[in-house]
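Here is the structure we will look at.
Taken together, the values in this text are just the output of simple stated rules run on the coordinates, not laboratory data. Note that the structure is predicted; figures quoted are calculated from it, not measured. Don't worry about glycine lacking a Cβ; one is built from the backbone with ideal geometry, like all the others, and counts go over all protein chains shown.
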Amino acid sequence: MANIDIKHDDALIIVDVQNDFCRGGALAVLDGDSVLAPINALAPHFPVVVQTQDWHTPDHVSFASSHRRNAFEVITLPYGPQVLWPDHCVVGTGGADFHPALHVPNVQMIVRKGFHPSVDSYSAFVEADHATRTGLAGYLRERGVGRVFVAGLATDFCVAWTALDGRRAGFEVVVVEDACRSIDLDGSLARAWQDLDAAGVGRCQSDELLPGL
Ligand code: VGL
Ligand code: ZN
């Protein structure tokens, strides 16, 4: 374990800590609520904090119900393979709300993603069509950010895609491993770490950022 100093040009991106991904939610991630404590502890130490919010229309293309298919099947869409999910994080529903125990008073920017009915977006930077940008890279650049730490749900989908696109956008990126939990569908977690390692995304533990806690 090595201590990591949080610098003036570091940002924390908190991915999708929403009711539907936590205990009792429509797409509950195993042990998802465990990310709350490390994220609540980390956030106050970062000069720039961004949250993401999965935010889908009721008929969203990523929903199994929209295709009369079973959840977790994979279909091919114009932009590539798409896992079909249970309906989750529908605009304006309680499932789309942030978990009530997430306490991040210094969050400055909330990025909603997956809003276009025919395109999913695991990444907080670029939608699944690999073309439509959310504006987050520009926001971080204007704020003078050089390095981003990523935490939240789920490691192997929205955290990984956000980390990879952050790297592609030219940021140094580190995933805070114990502040994430995964869905792990058919080996997706191992594949995600392979991709993250290959892209030069780092990983750390929250106590390396919070020595003494
Ligand atoms: C996510 C599946 C569908 C995530 C979002 O936050 O990782 N996963 N929508
Ligand atoms: Zn989603």
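Some values worked out for this structure:
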quantity	calculated
Principal axis dimensions, largest first and in whole angstrom, of region 1-107 by Cα	49, 28, 26
Contact order normalised by residue count of the chain, Cα under 8 Å, 6+ apart, percent	25 percent
Total formal charge among the other residues, if their Cβ is under 14 angstrom from that of Val91, Lys/Arg +1 and Asp/Glu -1	-3
Assigned charges on the beta-carbon of Lys, Arg, Asp, Glu; the chain dipole about Cα centre (debye)	420 debye
In degrees, nearest ten, helix 188-199 long axis to first principal axis of the chain (Cα)	50 degrees
Residues Arg141, Arg203, sorted so that the one with the fewest Cβ neighbours within 10 Å comes first	Arg141, Arg203
³J(HN,Hα), Karplus 6.51/-1.76/1.60, whole Hz, each residue of region 176-184, x for Gly, Pro	8, 4, 7, 9, 9, 9, 10, 8, 6
Region 91-167 versus region 176-213: alpha-carbon centroid distance in Å	16 Å
Top of Ala154, Ala71, Ala28 by mean-square fluctuation, Gaussian network on the chain, Cα under 10 Å	Ala71
